[in-house]
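Worksheet: the structure to be examined is printed underneath.
The values are calculated or read from the model by the stated rules, or taken from the named source; none is laboratory data. On a predicted model such as this, the values are computed, not experimentally measured, just so you know. Please note: Cβ atoms are built from the backbone with ideal geometry, for glycine as well, and neighbour counts cover all protein chains shown. Please note that ligands, DNA and RNA were not included when accessible areas were found on the heavy atoms of the full protein model with its side chains. Shrake-Rupley method; radii C 1.70, N 1.55, O 1.52, S 1.80 Å.
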Amino acid sequence: MMPPRGAVGSCRRRRLAPLNEDNGRFLLLAALIAAYLSAGATVFSALESPSEAAAQLRWNRTLHNFSRIFNISLPELRAFLRSYEAAMAAGIRVDALRPRWDFPGAFYFVGTVVSTIGFGMTTPATVAGKVFLIVYGLFGCAGTILFFNLFLERIISLLAFIMKACYERQLRRSGLLPPNFRRGPAVSGVGSLVGWKPSVYHVMLILGIFAIALSCCASAMYTAVEGWNYVDSLYYCFVTFSTIGFGDLVSNQKAAYQHQGLYRFGNFIFILMGVCCIYSLFNVISIVIKQILNWVLKKFECRCCPKCHKSSTRLSRRNAITPGARLRRHNVAMDADGQYDSDTEGRRLSGEMISMRELTASNKVSLAILQKQLSETANGYPRNVCINTRQNGFSAGVGALAIMNNRLAETSDSR
(Lines give C-alpha, C1' and ligand atoms only; values in the text may rest on other atoms or scores of the structure.)
Protein backbone atom coordinates (compact mmCIF):
# COMPACT_ATOMS: atom_id res chain seq x y z
CA MET A 1 0.00 0.00 0.00
CA MET A 2 1.51 3.28 -1.12
CA PRO A 3 1.52 6.17 1.38
CA PRO A 4 -0.40 9.33 0.51
CA ARG A 5 1.43 11.86 -1.62
CA GLY A 6 1.30 14.51 1.09
CA ALA A 7 2.82 12.11 3.58
CA VAL A 8 5.67 11.24 1.20
CA GLY A 9 6.29 14.94 0.64
CA SER A 10 6.50 15.58 4.36
CA CYS A 11 9.01 12.74 4.74
CA ARG A 12 11.11 14.15 1.92
CA ARG A 13 11.06 17.62 3.44
CA ARG A 14 12.09 16.08 6.74
CA ARG A 15 15.16 14.48 5.15
CA LEU A 16 16.04 17.63 3.22
CA ALA A 17 16.21 19.71 6.39
CA PRO A 18 19.30 18.58 8.34
CA LEU A 19 18.52 20.92 11.26
CA ASN A 20 14.92 19.85 11.57
CA GLU A 21 15.63 17.68 14.62
CA ASP A 22 17.58 20.47 16.29
CA ASN A 23 14.79 22.96 15.61
CA GLY A 24 12.26 20.55 17.00
CA ARG A 25 14.34 20.00 20.12
CA PHE A 26 14.77 23.76 20.57
CA LEU A 27 11.06 24.49 20.18
CA LEU A 28 10.11 21.63 22.49
CA LEU A 29 12.56 22.86 25.13
CA ALA A 30 11.25 26.43 24.79
CA ALA A 31 7.68 25.19 25.28
CA LEU A 32 8.68 23.13 28.31
CA ILE A 33 10.55 26.06 29.86
CA ALA A 34 7.53 28.32 29.33
CA ALA A 35 5.30 25.73 30.99
CA TYR A 36 7.87 25.32 33.80
CA LEU A 37 7.95 29.09 34.39
CA SER A 38 4.16 29.26 34.43
CA ALA A 39 3.94 26.42 36.93
CA GLY A 40 6.60 28.02 39.14
CA ALA A 41 4.87 31.39 39.03
CA THR A 42 1.58 29.77 40.01
CA VAL A 43 3.11 27.92 42.96
CA PHE A 44 5.09 30.89 44.29
CA SER A 45 2.13 33.20 43.87
CA ALA A 46 -0.04 30.83 45.90
CA LEU A 47 2.63 30.44 48.59
CA GLU A 48 3.92 33.99 48.97
CA SER A 49 1.02 36.26 48.01
CA PRO A 50 -0.90 35.88 51.31
CA SER A 51 2.25 36.59 53.30
CA GLU A 52 2.95 39.70 51.20
CA ALA A 53 -0.58 41.02 51.72
CA ALA A 54 -0.37 40.42 55.48
CA ALA A 55 3.03 42.16 55.69
CA GLN A 56 1.70 45.15 53.74
CA LEU A 57 -1.28 45.39 56.08
CA ARG A 58 0.96 45.28 59.17
CA TRP A 59 3.28 47.95 57.71
CA ASN A 60 0.40 50.33 56.93
CA ARG A 61 -0.95 49.89 60.46
CA THR A 62 2.49 50.54 61.97
CA LEU A 63 3.02 53.60 59.78
CA HIS A 64 -0.28 55.18 60.75
CA ASN A 65 0.26 54.45 64.45
CA PHE A 66 3.73 56.01 64.33
CA SER A 67 2.39 59.08 62.54
CA ARG A 68 -0.40 59.54 65.12
CA ILE A 69 1.75 58.95 68.21
CA PHE A 70 4.62 61.27 67.22
CA ASN A 71 2.44 63.79 65.38
CA ILE A 72 4.30 63.44 62.06
CA SER A 73 2.45 63.78 58.81
CA LEU A 74 2.46 60.80 56.50
CA PRO A 75 4.13 62.71 53.58
CA GLU A 76 7.02 63.75 55.85
CA LEU A 77 7.36 60.26 57.22
CA ARG A 78 7.38 58.73 53.74
CA ALA A 79 10.05 61.23 52.62
CA PHE A 80 12.20 60.15 55.56
CA LEU A 81 11.74 56.50 54.67
CA ARG A 82 12.74 57.19 51.07
CA SER A 83 15.99 58.70 52.35
CA TYR A 84 16.54 55.59 54.42
CA GLU A 85 15.95 53.37 51.38
CA ALA A 86 18.56 55.39 49.47
CA ALA A 87 21.00 54.84 52.32
CA MET A 88 20.25 51.13 52.24
CA ALA A 89 21.01 51.06 48.51
CA ALA A 90 24.35 52.76 49.21
CA GLY A 91 25.25 50.06 51.74
CA ILE A 92 24.45 51.98 54.92
CA ARG A 93 22.84 49.88 57.66
CA VAL A 94 21.58 50.58 61.15
CA ASP A 95 23.85 47.93 62.65
CA ALA A 96 27.60 48.29 62.39
CA LEU A 97 28.85 46.66 59.19
CA ARG A 98 32.29 46.37 57.69
CA PRO A 99 33.38 49.00 55.14
CA ARG A 100 32.09 48.26 51.66
CA TRP A 101 34.96 49.62 49.60
CA ASP A 102 38.13 48.74 51.48
CA PHE A 103 40.23 46.11 49.70
CA PRO A 104 38.57 43.01 51.31
CA GLY A 105 35.12 44.47 50.65
CA ALA A 106 36.00 45.40 47.07
CA PHE A 107 37.50 41.94 46.49
CA TYR A 108 34.28 40.35 47.75
CA PHE A 109 32.33 42.63 45.38
CA VAL A 110 34.36 41.79 42.25
CA GLY A 111 34.06 38.10 43.16
CA THR A 112 30.27 38.38 43.06
CA VAL A 113 30.55 40.25 39.73
CA VAL A 114 32.72 37.81 37.77
CA SER A 115 30.89 34.78 39.19
CA THR A 116 27.54 36.38 38.16
CA ILE A 117 26.18 35.96 41.71
CA GLY A 118 25.44 39.68 42.14
CA PHE A 119 24.02 39.87 45.66
CA GLY A 120 23.30 43.60 45.35
CA MET A 121 24.56 44.46 48.81
CA THR A 122 27.32 46.58 47.27
CA THR A 123 26.91 48.53 44.04
CA PRO A 124 29.00 51.32 42.47
CA ALA A 125 27.54 54.78 43.05
CA THR A 126 29.83 56.90 40.85
CA VAL A 127 29.61 57.21 37.06
CA ALA A 128 33.24 56.15 36.69
CA GLY A 129 32.59 53.08 38.81
CA LYS A 130 29.56 52.07 36.73
CA VAL A 131 31.45 52.50 33.43
CA PHE A 132 34.41 50.50 34.76
CA LEU A 133 32.03 47.78 35.95
CA ILE A 134 30.66 47.32 32.41
CA VAL A 135 34.13 46.77 30.93
CA TYR A 136 35.44 44.80 33.91
CA GLY A 137 32.40 42.50 34.03
CA LEU A 138 32.53 41.81 30.29
CA PHE A 139 35.98 40.23 30.41
CA GLY A 140 35.70 38.94 33.97
CA CYS A 141 32.49 36.98 33.40
CA ALA A 142 33.86 35.53 30.15
CA GLY A 143 37.06 34.41 31.87
CA THR A 144 35.14 32.91 34.78
CA ILE A 145 32.88 30.93 32.46
CA LEU A 146 36.00 29.58 30.76
CA PHE A 147 37.36 28.62 34.19
CA PHE A 148 34.10 26.82 35.02
CA ASN A 149 34.26 24.91 31.73
CA LEU A 150 37.85 23.84 32.36
CA PHE A 151 36.91 22.80 35.91
CA LEU A 152 34.04 20.79 34.44
CA GLU A 153 36.43 19.10 32.01
CA ARG A 154 38.80 18.12 34.79
CA ILE A 155 36.19 16.92 37.24
CA ILE A 156 34.58 14.77 34.53
CA SER A 157 38.00 13.37 33.56
CA LEU A 158 38.77 12.60 37.22
CA LEU A 159 35.44 10.85 37.73
CA ALA A 160 35.94 8.93 34.47
CA PHE A 161 39.40 7.81 35.60
CA ILE A 162 38.09 6.59 38.96
CA MET A 163 35.03 4.87 37.48
CA LYS A 164 37.12 3.21 34.76
CA ALA A 165 39.51 1.88 37.41
CA CYS A 166 36.55 0.42 39.28
CA TYR A 167 35.24 -1.06 36.03
CA GLU A 168 38.61 -2.66 35.28
CA ARG A 169 38.72 -4.16 38.77
CA GLN A 170 35.25 -5.59 38.21
CA LEU A 171 36.39 -7.12 34.91
CA ARG A 172 39.45 -8.66 36.59
CA ARG A 173 37.28 -10.24 39.27
CA SER A 174 34.97 -11.69 36.62
CA GLY A 175 37.95 -13.06 34.65
CA LEU A 176 37.42 -10.92 31.54
CA LEU A 177 40.80 -9.18 31.97
CA PRO A 178 44.16 -10.87 32.43
CA PRO A 179 45.67 -10.44 35.93
CA ASN A 180 48.79 -8.68 34.53
CA PHE A 181 46.77 -6.15 32.50
CA ARG A 182 48.11 -2.60 32.63
CA ARG A 183 46.71 0.60 31.20
CA GLY A 184 48.33 1.90 28.07
CA PRO A 185 48.34 1.06 24.36
CA ALA A 186 47.20 -2.46 25.18
CA VAL A 187 43.80 -1.11 26.14
CA SER A 188 42.82 -1.00 22.47
CA GLY A 189 43.11 -4.79 22.31
CA VAL A 190 40.58 -5.35 25.06
CA GLY A 191 37.13 -5.34 23.54
CA SER A 192 35.29 -4.62 26.79
CA LEU A 193 37.24 -1.38 27.36
CA VAL A 194 37.29 0.00 23.82
CA GLY A 195 35.19 3.14 23.65
CA TRP A 196 34.17 2.85 27.31
CA LYS A 197 32.85 6.05 28.88
CA PRO A 198 31.19 6.70 32.23
CA SER A 199 27.43 6.96 32.34
CA VAL A 200 26.02 10.46 32.61
CA TYR A 201 23.61 9.19 35.27
CA HIS A 202 26.44 7.91 37.47
CA VAL A 203 28.28 11.23 37.10
CA MET A 204 25.10 13.12 37.95
CA LEU A 205 24.62 10.99 41.08
CA ILE A 206 28.21 11.54 42.25
CA LEU A 207 28.08 15.30 41.65
CA GLY A 208 24.69 15.50 43.37
CA ILE A 209 25.97 13.71 46.48
CA PHE A 210 29.07 15.93 46.57
CA ALA A 211 26.96 19.10 46.19
CA ILE A 212 24.65 18.03 49.04
CA ALA A 213 27.59 17.21 51.31
CA LEU A 214 29.28 20.52 50.50
CA SER A 215 26.08 22.48 51.15
CA CYS A 216 25.50 20.71 54.47
CA CYS A 217 29.04 21.48 55.68
CA ALA A 218 28.81 25.13 54.56
CA SER A 219 25.38 25.48 56.21
CA ALA A 220 26.77 24.23 59.49
CA MET A 221 29.45 26.93 59.34
CA TYR A 222 26.99 29.71 58.46
CA THR A 223 24.58 28.63 61.20
CA ALA A 224 27.33 28.81 63.82
CA VAL A 225 28.96 32.05 62.63
CA GLU A 226 26.14 34.13 61.11
CA GLY A 227 23.40 33.04 63.53
CA TRP A 228 21.00 31.88 60.80
CA ASN A 229 18.84 28.82 61.24
CA TYR A 230 19.92 25.73 59.30
CA VAL A 231 17.17 25.95 56.65
CA ASP A 232 18.09 29.56 55.90
CA SER A 233 21.73 28.50 55.61
CA LEU A 234 20.84 25.74 53.13
CA TYR A 235 18.73 28.23 51.20
CA TYR A 236 21.64 30.68 51.10
CA CYS A 237 24.01 27.96 49.88
CA PHE A 238 21.78 27.04 46.96
CA VAL A 239 21.07 30.66 46.00
CA THR A 240 24.79 31.46 46.12
CA PHE A 241 26.23 28.28 44.58
CA SER A 242 23.76 28.46 41.69
CA THR A 243 24.72 32.16 41.17
CA ILE A 244 21.10 33.30 41.63
CA GLY A 245 22.16 35.73 44.35
CA PHE A 246 18.97 37.34 45.67
CA GLY A 247 20.82 39.30 48.35
CA ASP A 248 18.34 38.76 51.18
CA LEU A 249 20.99 36.73 53.01
CA VAL A 250 24.66 37.56 52.48
CA SER A 251 27.56 36.08 54.42
CA ASN A 252 30.58 37.90 55.83
CA GLN A 253 28.88 41.29 56.26
CA LYS A 254 29.34 42.05 59.95
CA ALA A 255 32.03 44.41 61.16
CA ALA A 256 33.88 41.72 63.10
CA TYR A 257 33.77 37.96 63.58
CA GLN A 258 35.44 35.57 65.93
CA HIS A 259 38.33 34.02 63.99
CA GLN A 260 37.56 36.43 61.18
CA GLY A 261 40.49 35.48 58.90
CA LEU A 262 39.70 31.78 59.11
CA TYR A 263 36.00 32.41 58.47
CA ARG A 264 36.66 34.57 55.41
CA PHE A 265 38.97 31.92 53.96
CA GLY A 266 36.42 29.17 54.61
CA ASN A 267 33.66 31.30 53.11
CA PHE A 268 35.75 31.85 49.96
CA ILE A 269 36.57 28.14 49.58
CA PHE A 270 32.98 27.03 50.11
CA ILE A 271 31.61 29.54 47.58
CA LEU A 272 34.28 28.69 44.99
CA MET A 273 33.83 24.93 45.29
CA GLY A 274 30.05 25.24 45.51
CA VAL A 275 29.73 27.36 42.38
CA CYS A 276 32.02 25.04 40.39
CA CYS A 277 30.20 21.92 41.62
CA ILE A 278 26.70 23.25 40.97
CA TYR A 279 27.77 24.52 37.53
CA SER A 280 29.02 21.02 36.67
CA LEU A 281 25.86 19.43 38.06
CA PHE A 282 23.64 21.78 36.07
CA ASN A 283 25.44 20.86 32.85
CA VAL A 284 25.10 17.14 33.54
CA ILE A 285 21.40 17.57 34.29
CA SER A 286 21.04 19.49 31.01
CA ILE A 287 22.38 16.41 29.20
CA VAL A 288 19.74 14.28 30.90
CA ILE A 289 17.06 16.80 29.87
CA LYS A 290 18.37 16.60 26.31
CA GLN A 291 18.04 12.81 26.39
CA ILE A 292 14.43 13.22 27.53
CA LEU A 293 13.77 15.66 24.69
CA ASN A 294 15.27 13.20 22.20
CA TRP A 295 13.02 10.47 23.57
CA VAL A 296 9.98 12.72 23.18
CA LEU A 297 10.98 13.65 19.63
CA LYS A 298 11.31 9.99 18.70
CA LYS A 299 7.69 9.53 19.70
CA PHE A 300 6.74 12.15 17.11
CA GLU A 301 9.10 11.04 14.36
CA CYS A 302 7.71 10.27 10.92
CA ARG A 303 5.90 6.91 10.58
CA CYS A 304 4.17 7.50 7.26
CA CYS A 305 6.21 5.17 5.01
CA PRO A 306 8.22 1.94 5.45
CA LYS A 307 11.40 3.56 4.13
CA CYS A 308 11.49 5.93 7.11
CA HIS A 309 11.24 2.96 9.47
CA LYS A 310 14.04 1.07 7.77
CA SER A 311 16.42 4.00 7.72
CA SER A 312 15.54 5.52 11.11
CA THR A 313 17.82 3.24 13.11
CA ARG A 314 20.81 3.91 10.86
CA LEU A 315 20.19 7.66 10.68
CA SER A 316 19.52 8.17 14.40
CA ARG A 317 22.78 9.99 15.01
CA ARG A 318 22.87 13.53 13.76
CA ASN A 319 26.54 13.39 12.77
CA ALA A 320 26.30 10.08 10.92
CA ILE A 321 27.48 10.08 7.30
CA THR A 322 25.08 8.52 4.81
CA PRO A 323 26.97 7.10 1.80
CA GLY A 324 25.31 7.81 -1.53
CA ALA A 325 22.71 10.08 0.05
CA ARG A 326 22.39 12.24 -3.07
CA LEU A 327 21.93 9.31 -5.42
CA ARG A 328 19.52 7.57 -3.11
CA ARG A 329 17.32 10.65 -2.90
CA HIS A 330 16.51 10.37 -6.61
CA ASN A 331 17.11 6.72 -7.54
CA VAL A 332 15.83 4.60 -4.65
CA ALA A 333 12.68 2.66 -5.50
CA MET A 334 10.92 -0.15 -3.69
CA ASP A 335 8.44 -2.67 -5.05
CA ALA A 336 5.20 -3.72 -3.39
CA ASP A 337 6.82 -6.61 -1.48
CA GLY A 338 9.37 -4.32 0.17
CA GLN A 339 12.30 -5.65 -1.91
CA TYR A 340 14.93 -3.34 -3.41
CA ASP A 341 15.34 -2.91 -7.17
CA SER A 342 18.95 -4.06 -7.14
CA ASP A 343 21.43 -5.75 -4.88
CA THR A 344 23.61 -2.66 -5.00
CA GLU A 345 20.78 -0.52 -3.73
CA GLY A 346 20.15 -2.97 -0.92
CA ARG A 347 23.76 -2.84 0.11
CA ARG A 348 23.69 0.96 0.13
CA LEU A 349 20.62 1.13 2.32
CA SER A 350 21.93 -1.44 4.78
CA GLY A 351 25.26 0.34 5.09
CA GLU A 352 27.31 -2.80 4.50
CA MET A 353 29.37 -1.67 1.48
CA ILE A 354 30.29 1.55 -0.32
CA SER A 355 31.14 1.51 -4.01
CA MET A 356 33.65 3.86 -5.61
CA ARG A 357 30.83 5.56 -7.49
CA GLU A 358 29.08 6.37 -4.21
CA LEU A 359 32.33 7.50 -2.65
CA THR A 360 33.04 9.97 -5.42
CA ALA A 361 29.43 11.18 -5.34
CA SER A 362 29.79 12.20 -1.68
CA ASN A 363 32.13 15.02 -2.56
CA LYS A 364 31.61 16.87 0.71
CA VAL A 365 32.77 14.05 2.96
CA SER A 366 36.41 13.15 3.44
CA LEU A 367 37.62 9.58 3.12
CA ALA A 368 38.88 9.58 6.69
CA ILE A 369 35.41 10.30 8.13
CA LEU A 370 33.86 7.58 5.97
CA GLN A 371 36.40 5.02 7.11
CA LYS A 372 35.85 6.05 10.72
CA GLN A 373 32.10 5.61 10.41
CA LEU A 374 32.46 2.21 8.76
CA SER A 375 34.76 1.10 11.57
CA GLU A 376 32.19 2.19 14.15
CA THR A 377 29.39 0.38 12.30
CA ALA A 378 31.43 -2.82 12.06
CA ASN A 379 32.51 -2.81 15.71
CA GLY A 380 29.23 -1.58 17.15
CA TYR A 381 30.54 1.00 19.59
CA PRO A 382 30.53 4.80 19.65
CA ARG A 383 33.47 6.58 18.18
CA ASN A 384 36.41 6.65 20.54
CA VAL A 385 37.58 10.13 21.46
CA CYS A 386 41.29 10.40 22.17
CA ILE A 387 41.91 12.37 25.34
CA ASN A 388 45.09 13.77 23.86
CA THR A 389 43.34 15.41 20.92
CA ARG A 390 43.74 19.16 21.15
CA GLN A 391 41.81 21.91 19.47
CA ASN A 392 43.15 25.41 20.11
CA GLY A 393 44.92 24.10 23.20
CA PHE A 394 41.88 22.39 24.75
CA SER A 395 40.47 18.89 24.58
CA ALA A 396 37.90 18.83 21.78
CA GLY A 397 36.52 22.28 22.51
CA VAL A 398 35.86 24.23 25.67
CA GLY A 399 32.08 24.45 25.66
CA ALA A 400 30.16 22.58 28.33
CA LEU A 401 28.21 20.48 25.80
CA ALA A 402 31.40 19.68 23.87
CA ILE A 403 33.04 18.46 27.07
CA MET A 404 30.02 16.33 27.95
CA ASN A 405 29.77 14.89 24.42
CA ASN A 406 33.37 13.73 24.50
CA ARG A 407 33.44 12.22 27.98
CA LEU A 408 30.05 10.75 28.84
CA ALA A 409 28.55 7.62 27.35
CA GLU A 410 24.94 8.59 26.66
CA THR A 411 25.92 11.76 24.77
CA SER A 412 27.75 9.91 21.99
CA ASP A 413 24.67 8.44 20.36
CA SER A 414 22.55 11.54 19.93
CA ARG A 415 23.91 15.02 20.22
Original post:
Is it fair to say Pro124 is within 23 Å of Asn252 (Cα to Cα), open to solvent by less than 100 Å² (accessible area, probe 1.4 Å) and touching a Lys or Arg at 6+ places or on another chain (Cβ under 6 Å)?
Top reply: yes
Original post:
Phe119 passes all but one of (1) within 21 Å of the chain's Cα centre (by Cα); (2) assigned to a loop (DSSP other than H, G, I, E, B); (3) among the aromatic types (Phe, Trp, Tyr); which number fails?
Top reply: (1)
**OP:** Would you check which residues across segment 56-77 are surrounded by 11 or more Cβ atoms within 10 Å (Cβ to Cβ) and without any contact (Cβ under 8 Å) to a residue 12 or more places away in the chain and list them?
**Re:** His64, Phe66, Ser67, Ile72, Leu74
**OP:** Name the residue, out of Ile244, Ile212, Ile271, that is among the aliphatic types (A, V, I, L, M), open to solvent by 50 Å² or more (accessible area, probe 1.4 Å), at pLDDT 90 or above and not in a loop (DSSP other than H, G, I, E, B).
**Re:** Ile212
